[in-house]
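Enquirer: One structure, pasted below without further comment.
Laboratory data are not the source of any read-out in this text; all were calculated from the coordinates shown. Because the structure is predicted, anything quoted here is derived from the model rather than measured. Glycine gets a Cβ as well: all are built from the backbone with ideal geometry, and neighbour counts include every protein chain shown.
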Amino acid sequence: MTTISAQPAAPTTPASTLDLTGVSRWYGNVVAVNDVSMRLGPGVTGLLGPNGAGKTTLLHMMAGFLSPSRGTVRLDGEPTWRNPQVYRRLGLVSEREAVHTFLSAYEFVLASAKLHRLPDPAAAARRAIDLVEMGDAQDRRIGTYSKGMRQRTRVAAALVHDPQVLLLDEPFNGMDPRQRLHMMTLLHRLGDAGRTILFSSHILEEVEQVSGTVQVMVAGRLAASGDFRTIRRLMTNRPHVFAIHSTDDRALAVALMAEPSVTGVELGRTGLSVKAGDYGAFTRALPKLALRHGIRVRQLLPEDESLESVFSYLVEA
């Protein structure tokens, strides 16, 4: 098995910055991205949002694959749209797998190196393959690879020209735990070396483990921005709804109405619906209240805990 024995090379040119100003993109009457502004500098940034939030459209505009319907996207002051020169400094791993399965990993990455007209494409290809731990399988056809192996091959092709900016759309899809850990470590090292890295994800834990800065998108809009602790605090403090079934729903409802963490109680035919402003305080208080009043809680279920509901709250907040 090939392992990373050295840090990624330090950048040989000044750090790059991506600037988005009032960026929107629509398709007919459908708005995919709505008035997004952000600045991305050296380090790792996570683009967090549910599926369909507009993350892929935003990444494609950053990479110059799509033109903004309104606003500007600039890399180091230059527009990315219709500017092939930006690809000397930028690498992209799209969500869609566009890999020729009859090629080996080495042949695929070598082709990328040659397209970039690198002075020693063979050496660059081997270096990129080693970075993603694909050395042992580099001569096998890509068609024989697992999804995680194909994903790492595509990352190697995006890294082969040593770009200052790396954009990755759901890069951990299909990777097993060991592959995910290795990729997270690699992104950390690249960010620490001064590269500007943005990766999209709909999984909060992925963003927590990799990025220092988080951009949250929902329904095409930028809902929140900041470090992970700030975003996590916003998510934790949002109102939570619980469905409760007990041996005495009416008595429990009366007791819960006096609890400071509870903002609303509704007694229905099938049990209680309780709104809590503080998730932790409520879940600690409920067992004590039930014990004090001699009530047995038979079922406690959180309601509306989907990522979409969390991000919708962030938009409203």
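Enquirer: Specify the residue with the greatest mean-square fluctuation among 98, 276, 223, computed from a Gaussian network of the chain linking alpha-carbon atoms under 10 Å apart.
Expert: Looking only at 98, 276, 223, the biggest GNM fluctuation is shown by 98.
Enquirer: Which is the longest stretch in the chain that no exposed loop site breaks, taking sites as trypsin sites (Lys or Arg not before Pro) with a DSSP loop state and at most 13 other Cβ atoms within 10 Å? Working shown, then result.
Expert: Values: sites that count: 82, 96, 117, 269, 296.
My reading of the result: 118-268 is the longest stretch.
Enquirer: Compute, for the chain, the length of the dipole vector about the Cα centre, with Cβ point charges of +1 (Lys, Arg) and -1 (Asp, Glu) only. Units Debye, rounded to 20. Present the calculation step by step, with values, prior to reporting the outcome.
Expert: On the way: 36 positive and 31 negative charges, 32 e Å.
Dipole about the Cα centre, nearest 20: 160 debye.
Enquirer: Where does helix 177-192 land angle-wise versus the long Cα axis of the chain, in degrees 0 to 90, nearest 10?
Expert: 70 degrees
Enquirer: Rounded to a whole number of µm²/s, how large is the Stokes-Einstein D of the stretch 194-296 at 25 °C and 0.890 mPa s, given Rh as the Kirkwood radius over C-alpha pairs?
Expert: Numbers: Rh = 16.2 Å.
D, rounded to a whole number, is 152 µm²/s.
Enquirer: If I build a Gaussian network model for the chain, linking alpha-carbon pairs within less than 10 angstrom, which residue out of 102, 65, 199 has the largest mean-square fluctuation?
Expert: Comparing 102, 65, 199 in the GNM, the peak value goes to 102.
Enquirer: If eta is 1.002 mPa s and T is 20 °C, what Stokes-Einstein diffusion coefficient results for the stretch 109-254, Kirkwood Rh from Cα pairs, in µm²/s? List each step's numbers first, then the result.
Expert: Values: Rh = 18.0 Å.
Using the Kirkwood radius from Cα pairs, D works out to 119 µm²/s.
Enquirer: What do the square roots of 5 times the Cα gyration tensor eigenvalues come to for the chain, in whole Å, largest first, as semi-axes of the equivalent ellipsoid? Walk me through the numbers on the way to the answer.
Expert: On the way: eigenvalues 415, 105, 54 Å².
They are 46, 23, 16 Å, listed largest first.
Enquirer: Can you give me the relative contact order of the chain as a percent, contacts being Cα pairs under 8 Å and 6 or more apart? Can you show the working numbers first?
Expert: On the way: 641 pairs, mean separation 64.6, N = 317.
Relative contact order comes out at 20 percent.
Enquirer: Next question, about the same structure. Placing +1 on the Cβ of each Lys and Arg and -1 on the Cβ of each Asp and Glu in the chain, which of 223, 273, 149 has its Cα farthest towards the positive end of the resulting dipole?
Expert: Result: 149, furthest along the dipole toward the positive end.
Enquirer: Volume per residue, Å³, of the convex hull around the alpha-carbon atoms of the stretch 43-190?
Expert: Values: hull volume 17.9 nm³, N = 148.
Looking at the stretch 43-190, the number lands at 121 Å³ per residue.
Enquirer: In what sequence do 263, 196 fall when counting other Cβ within 10 Å, fewest first? Please report the intermediate quantities before stating the final value.
Expert: On the way: 263 15, 196 26.
Ascending Cβ contact count within 10 Å gives the list 263, 196.
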